[in-house]
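Novice: What follows is a single structure, and I will ask about it in a moment.
The values are calculated or read from the model by the stated rules, or taken from the named source; none is laboratory data. What you see is a predicted model, and the numbers here were worked out from it, not measured in a lab. Virtual Cβ from ideal backbone geometry, glycine too; neighbours counted across all protein chains shown.
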Amino acid sequence: MKKVITAATIVVLLAVSLILPVRAGPPGQGPPPRPPGPTDEIPRGHITLADVEAQATISEGFEGGSVPPAGWTHIQTNPNETWEVFTYNPYNGIYHGHVLYDDLQDQDEVLLSPSFTPDSGSVKLWSKGSLYWCRGDPYDNCDLEVWFVNGSWDGGGGDDVFLGKIDDYWVGPFDYIWSYSTFDFSPYASGNPARIALRYVGKDGAEIGVDDIQIDYTGTSCGDGVFLPIILGNY
């Protein structure tokens, strides 16, 4: 009987040839091994996530209504006047942080931020104070300082880094005008635990106030760890 190959037969043969797997090796050998896929076992210690640099923010506006704010630490040395919240003339919201002066005893009052692990970053905030009593116009009886704290606060006697005086940023011509300042701590950040300290020091000085503190930083995570952007604080 004469065999006739029709167009329909050709279509079926082509379809089957596309479906059947093609052996890639010599006769009698299986296909070459495939590279590891997502379900293959990965040797112990292999890094599954590439190093990722992420941004994060710690914010504090004192809207929780207490000192220290959640996650912060308060170090008090003067028995009478230290950090507290105040409702009169905040920069934003209802509350701001402030320190009243003591005209008889020294003050060294510290607020420490929550711990974080930066590779770079800066701290920004709004503040107000007395040019007359605190900035040498004409008296310099108090200072509001910013510190980059390596690990634990050492009172400025160890490896903590003085970033500057906030009162240098106060604008005139009058006292107690809310002023913006920023301090870069990138040169001192090494990916180790750190904190930011706001330190009021003086005697017979004047009231100061701070509000809307923002610590922006970048940190690196590698291996199977995950570094997520966070926003902490009371607003």
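One line per residue, one yes/no per condition, for (1) β-branched (Val, Ile, Thr); (2) in contact with a helix residue (DSSP H, G or I) (Cβ under 8 Å, 6 or more places away or on another chain); (3) farther than 22 Å from residue 196 by Cβ; (4) touching a residue at least 60 places away in the same chain (Cβ under 8 Å):
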position: 70; (1), (2), (3), (4): no, no, no, yes
position: 74; (1), (2), (3), (4): no, no, no, no
position: 105; (1), (2), (3), (4): no, no, yes, yes
position: 114; (1), (2), (3), (4): no, no, no, yes
position: 120; (1), (2), (3), (4): no, yes, no, yes
position: 142; (1), (2), (3), (4): no, yes, no, yes
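Novice: Answer yes or no: is there a residue in segment 39-52 that is within 16 Å of residue 210 (Cβ to Cβ), among the hydroxyl-bearing types (Ser, Thr, Tyr) and either at pLDDT 65 or above or part of a loop (DSSP other than H, G, I, E, B) (or both).
Specialist: Looking through segment 39-52, none of the residues is within 16 Å of residue 210 (Cβ to Cβ), among the hydroxyl-bearing types (Ser, Thr, Tyr) and either at pLDDT 65 or above or part of a loop (DSSP other than H, G, I, E, B) (or both).
Novice: Can you pull out the residues in segment 60-89 that are in a loop (DSSP other than H, G, I, E, B), under 24 Å from the mean Cα position of the chain (by Cα) and buried (at least 16 other Cβ atoms within 10 Å of the Cβ)? Walk me through how you get there before you give the answer.
Specialist: Kept after step one, since they are in a loop (DSSP other than H, G, I, E, B), are these residues of segment 60-89: 61-72, 76-82, 87-89.
With the extra rule that they be under 24 Å from the mean Cα position of the chain (by Cα), the set shrinks to 61-72.
Matches in segment 60-89: 61, 62, 63, 64, 67, 68, 69, 72.
Novice: For segment 112-162: of the residues being aliphatic (A, V, I, L, M) and assigned to a strand (DSSP E or B), which is surrounded by the most Cβ atoms within 10 Å (Cβ to Cβ)?
Specialist: The extreme case among them is 144.
Novice: Every residue in segment 166-182 that is crowded, with 18+ Cβ neighbours inside 10 Å and in contact with a helix residue (DSSP H, G or I) (Cβ under 9 Å, 6 or more places away or on another chain), please.
Specialist: Within segment 166-182, 167, 170, 179, 181 meet the criteria.
Novice: Now for a different question. Report, by residue number, each residue of segment 73-93 that is on the phi > 0 side of the Ramachandran plot and either at pLDDT below 95 or among the polar types (S, T, N, Q) (or both).
Specialist: Listed by number, the list holds a single entry, 89.
Novice: A follow-up question, please. Taking segment 90-111 as the search range and keeping residues that are hydroxyl-bearing (Ser, Thr, Tyr) and farther than 18 Å from residue 68 by Cα, which one is surrounded by the most Cβ atoms within 10 Å (Cβ to Cβ)?
Specialist: Going through segment 90-111, the residues hydroxyl-bearing (Ser, Thr, Tyr) turn out to be 91, 95, 101.
Those left that are additionally farther than 18 Å from residue 68 by Cα: 91, 101.
Working: 91: 18, 101: 21.
Going through the qualifying residues, I end up with 101.
Novice: Test residue 85 against the criterion of being free of Cβ contacts under 8 Å to residues at least 24 places away in the same chain, under 20 Å from residue 214 (Cα atoms) and aliphatic (A, V, I, L, M), and give yes or no. Break it down into steps so the answer makes sense when it comes.
Specialist: Numbers: free of Cβ contacts under 8 Å to residues at least 24 places away in the same chain: yes; under 20 Å from residue 214 (Cα atoms): yes; aliphatic (A, V, I, L, M): yes.
So residue 85 passes the test.
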